[in-house]
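*Asks:* This structure is in structure tokens; I'll ask about it shortly.
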Amino acid sequence: MQRPTTKNRHMAASLRTISLFESCSDAELRRIDGLLTRLEIEAGQTLLSEGAIGRQFVIIAAGWARVTRAGVELGLLGPGSFFGEMALLGTPQRTATVSAICPMVVETVNPGEFRELLRAAPSVYEKVTRAVVDRAAMNENVFR
Ligand code: CMP
């Protein structure tokens, strides 16, 4: 049987602190780690713009972002949350604008890596697809 290396065990422990990945096995986390690109974001930066064509899925490792649509605040997203899934799973235009309200650290994936991420871990697939349904329902209520 293959034992995880010390480095891999540290990596798995640090990724598991992100709530999107809290139910993942070490093997799933090793696969996921190879897909992620970490970025540091300044306070005030716009990460996604409503109506733009979307290419990235973003997971928040640290910090907070505000989600707005047509100037209406839809929510705040914090550590462990994620955004950008709707344009990758549905119509390609972003449904909302997401801006950093403080310095952030995020993990990003491109569309191919996003598909890999959903295949890598059933728990991630469930959380992301549930968020799409919940957020679409909320937005329909707010803008009906
Ligand atoms: P996407 O449409 O790709 O880009 C904007 C993102 O904002 C969207 O994906 C979701 O991740 C996020 N988003 C949209 N509506 C809501 C909402 N009601 N609550 C939280 N996040 C949302």
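*Asks:* Averaging over every viewing direction, what projected area does the convex hull of the Cα atoms of the chain cover, in nm²?
*Replies:* Seen from a random direction, the Cα hull of the chain projects 8.6 nm² on average.
*Asks:* If we count every other residue with Cβ under 11 angstrom of residue 127's Cβ, Lys/Arg +1 and Asp/Glu -1, where does the sum land?
*Replies:* So the surrounding residues net to -3.
*Asks:* Leaving out ligands, DNA and RNA, and with a 1.4 Å probe, what % of the accessible surface on segment 12-142 is carbon or sulfur?
*Replies:* 51
*Asks:* Also, quick follow-up: Based solely on its DSSP helices, what 222 nm [θ] is calculated for the chain when runs of n ≥ 4 H residues each add -39,500 (n - 2.57) and the sum is averaged over all residues, nearest 500 deg cm²/dmol?
*Replies:* Counting only the DSSP helices, I get -11500 deg cm²/dmol.
The values are calculated or read from the model by the stated rules, or taken from the named source; none is laboratory data. Because the structure is predicted, anything quoted here is derived from the model rather than measured. Please note: Cβ atoms are built from the backbone with ideal geometry, for glycine as well, and neighbour counts cover all protein chains shown. Keep in mind that these areas ignore ligands, DNA and RNA; they rest on the heavy atoms of the full protein, side chains included. Shrake-Rupley method; radii C 1.70, N 1.55, O 1.52, S 1.80 Å.
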